[in-house]
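Everything on this sheet refers to the single structure shown next.
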Amino acid sequence: MNMNIACIAGDGIGPEITREALKVLGQTAAVCGHTIQREDLLMGGASIDAYGVPLTQETVERCQAADAVLMGSIGGDAKTSPWYRLSPDKRPEAGLLGLRKALRLFANLRPAFLYPELAEACPLREETAKKGFDLMLVRELTGGLYFGDRKTQEVDGVRIATDTLVYSEEEIRRVARRAFDIAMTRRKKVTSVDKANVLDSSRLWRTVTEEVAKDYPDITLEHMLVDNCAMQIVLDPAQFDVILTENMFGDILSDEASMITGSIGMLPSASLNESKFGLYEPSGGSAPDIAGKDVANPLATILSAALMLRTTFGLEKEADAVERAVRETLAEGYRTRDIASATTDKEKILGCAAMGDKVAEHVKGE
Ligand code: NAD
């Protein structure tokens, strides 16, 4: 297969971590008989420096022409970077929001998986960490409170702020279908999270999710209120397979789910639209504090590339090969600084590039 990938390395550690993901992807393609056609594009701060705007129409069109986008991260230090003297709509983050909108990305996937080797870094109770967990949070990205009408007004000297939470059944249906499709490739359970005891939008969410479930007789669907879900994630994350939820609940729960894995440097993410197309990026930001020092953890970006192989290209075995290579590298004791512990052998603490080399070495074909 030929994979046509647009690559936005971005700012801060972005170029370092994407370089390693591309190294591992290149090795995977080589051992599995695929080819990669790559186009490097600018977005965020790098685009402001080159073109004066965080996102150009050219970058949008190039991304639309690709099968998938692999991204590092964008943005700089808000206190010191000149990008943050610009108005909000001209800052690096506006580029990412614009790109997500132009690509009509409506489903955000955040897997949270605890590697047994990193159980020490898990903040949960020891017995819970020992049990492990492997969940996939699917968050709706385009609707809900973040996109509804809002206003602040003064009535009789009192300031009143209003935000509107709107969901159409179509918005719910398309993200629910995504979640059910993903659950079909996993342990076949969907937990739909809402606040149906209070909100009309949640009651519609529940109804539509039930309707979608009729097309997936092999999937077990359960409903959970968001406050309970927030508790259950720290109490017993192993109970979850796919969690499906709306925009704001997903924003909060995905950060909670990511924290229990121990390090932001390990967490991949994908944003998808109706087609197989996806934008794949690590969950963390551009980490300006460690940029250019070769200490960033490239594993989240490498694992995002694995998600891309599986989700956009349907290359399940190749995705497994990358994930296995990461696991074997960790099992041999190799760590970047952020995931090293007091017991880590000093010689096994690797820089960003050396970690990429190690994972690439472990990628094997069938
Ligand atoms: P951050 O995620 O960049 O950094 C938070 C902490 O995590 C820092 O100590 C950093 O060193 C560490 N960290 C992050 N990724 C790491 C990695 N791969 N390896 C090792 N350590 C890692 O969050 P922040 O400091 O709040 O934001 C910095 C910039 O990133 C801001 O400009 C922000 O807007 C931007 N940002 C971009 C994205 C994105 O591109 N999607 C997401 C979040 C933040």
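The values are calculated or read from the model by the stated rules, or taken from the named source; none is laboratory data. This one's a predicted model, so the numbers in the text were calculated from it and none came from an experiment. Here the Cβ is made from the backbone with ideal geometry for all residues, glycine too, and neighbour counts use every protein chain on show. Side chains are part of the model used for accessible areas, which takes the heavy atoms of the whole protein and leaves out ligands, DNA and RNA. Shrake-Rupley method; radii C 1.70, N 1.55, O 1.52, S 1.80 Å.
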Across (1) free of Cβ contacts under 8 Å to residues at least 24 places away in the same chain; (2) surrounded by 18 or more Cβ atoms within 10 Å (Cβ to Cβ), residue 244 clears everything bar (1)
Of the numbered conditions (1) among the β-branched types (Val, Ile, Thr); (2) open to solvent by 40 Å² or more (accessible area, probe 1.4 Å); (3) more than 30 Å from residue 114 (Cα to Cα), residue 208 fails exactly one; give the number of that condition. (2)
Only one residue in 312, 343 is open to solvent by 20 Å² or more (accessible area, probe 1.4 Å) and not charged (D, E, K, R). Which one? 343
Is region 153-163 home to any residue that is outside the structural domain of residue 314 (by TED's automatic domain parsing) and closer than 30 Å to residue 221 by Cβ? yes
How many residues, within region 112-161, are assigned to a loop (DSSP other than H, G, I, E, B) and either free of Cβ contacts under 8 Å to residues at least 40 places away in the same chain or open to solvent by 60 Å² or more (accessible area, probe 1.4 Å) (or both)? 7
